[in-house]
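The values are calculated or read from the model by the stated rules, or taken from the named source; none is laboratory data. These numbers were taken from a predicted model, which means no experiment stands behind them. Counting neighbours? That spans all protein chains shown, and the Cβs are built from the backbone with ideal geometry, glycine included.
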Amino acid sequence: MANERSYTGLRTFLRAYGVVTVALFSALFVGFTLQFPPLGEGGALNWFIWNGTQCGDQPCHVPPMLFSIYVVWGVFFLLAARRPLAYMSFLNFTMVANFVHAMVMLGQALLHLDHYWSKFFTDIPFTLGIALGIYLLRPKSAESVEHLPARQQRAPTE
């Protein structure tokens, strides 16, 4: 029973994070691409991203690439929410990658508090939330999910 609650919790968690991820990073991608003034240097929402929309006299290229990766990641959260067991490799990668991302950002934020203080409210909790949520809710072994219907244990192509 506890395993079934955990499995249901994982599915709910993946749906919630998927929706938030797609919405948040799609909005950031559009805002960044259109150079929405509040995201720019000195803008009210500039703290939400790590730099302005301009890098010198050119538009910055790295942020939109990262935003697009997270949009795709969010779509895969939604796919994985349907059958998490079929996406365990993706979920394990996501858990580790986001934990490492959070630790790198934590180090950078601590070393450069004057510039990266906002990371304690943005990247760090977002990536730690993904990593910890998956770690705490994922099945710990094959035996813990063998009571689930076979269709939830198959890969999507079967």
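Condition first: under 30 Å from residue 139 (Cα atoms) and modelled with pLDDT of 75 or more. Can you find one or more residues in segment 54-64 that meet it? Quick ask: steps written out before the conclusion?
To start, the set of residues in segment 54-64 that are under 30 Å from residue 139 (Cα atoms) comprises none.
Within segment 54-64, not a single residue is under 30 Å from residue 139 (Cα atoms) and modelled with pLDDT of 75 or more.
Among all residues of segment 79-96, there is at least one that is surrounded by 17 or more Cβ atoms within 10 Å (Cβ to Cβ), of a type in the set (Val, Ile, Thr) and free of Cβ contacts under 8 Å to residues at least 60 places away in the same chain.
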